[in-house]
Amino acid sequence: MKILTAKKDDLPIVRDITKTTINAIYPHYYPDGAVQFFLTHHSDEHIMADISCGKVFVLYEENNPVGTVTISDNNINRLFVLPEYQHKGYGKALLDFSEEKILKSYECVQIDASFPAKRIYRERGYRETEYNIIKTDNGDCLCYDVMKLMVT
């Protein structure tokens with residue numbers, strides 16, 4: 001297993017991991033308007049802007065890209081593992097990598113927690129600090145918590 005900084009040529013890899021995971025997992029937790037919001041939010045333009053700034057990382061298992069994470073200041077963003085690779089430690093590896101990188105410069109790690117991942121973050125010691133609701137298409141709502149891991 002290796003985690004590498006994404007290059008501009010990696011846009012299709014990051015896009016595929018992100019959109020495949022959203023389309024497979026999120027409809028079980030969110031209404032259609034919220035799922036579409038996620039897909040639009042993680043557009044090629046947003047992904048490429050983050051890649052250009054060196055904020056995006058891809059996890060490879062035997063040269064197969066299986067997960068991605070974006071780190072912006074002390075925020076973990078766009079953490080996705082392809083559905084067929086979930087529950088095998090890849091998400092944990094991405095979180096370990098991200099937290100270690102962030103905690104070299106910051107006293108806390110912050111993440112906007114989706115419903116599917118919230119339990120994982122709580123088990124790692126993250127705590128809710130804020131609750132948000134975004135109105136989306138079809139009158140649907142996207143609800144999520146901002147969670148922080150504080151280092152003492």
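The values are calculated or read from the model by the stated rules, or taken from the named source; none is laboratory data. Small disclaimer: the values here were computed from a predicted structure and weren't measured. Here the Cβ is made from the backbone with ideal geometry for all residues, glycine too, and neighbour counts use every protein chain on show.
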Of residues in the stretch 83-131 being of a type in the set (Val, Ile, Thr) and surrounded by fewer than 18 Cβ atoms within 10 Å (Cβ to Cβ), the one modelled with the lowest pLDDT: ILE120
Which of the residues belonging to the stretch 87-113 are out of contact with any Asp or Glu (no Cβ under 9 Å at 6 or more places or on another chain) and either aromatic (Phe, Trp, Tyr) or touching a residue at least 60 places away in the same chain (Cβ under 8 Å) (or both)? ALA93, LEU94, PHE97
The correct count of residues that are over 29 Å from MET150 (Cβ atoms) and surrounded by fewer than 19 Cβ atoms within 10 Å (Cβ to Cβ) in the stretch 54-78 is 5
Considering only the stretch 132-152, state which residues are surrounded by 19 or more Cβ atoms within 10 Å (Cβ to Cβ) and either among the hydrophobic types (A, V, I, L, M, F, W, C) or within 19 Å of GLN86 (Cβ to Cβ) (or both). LEU142, MET147, LEU149
Show me the helices (runs of 4 or more DSSP H) found entirely inside the stretch 1-53 where at least 1 residues are among the aromatic types (Phe, Trp, Tyr) and either surrounded by fewer than 18 Cβ atoms within 10 Å (Cβ to Cβ) or modelled with pLDDT under 95 (or both). 32-41
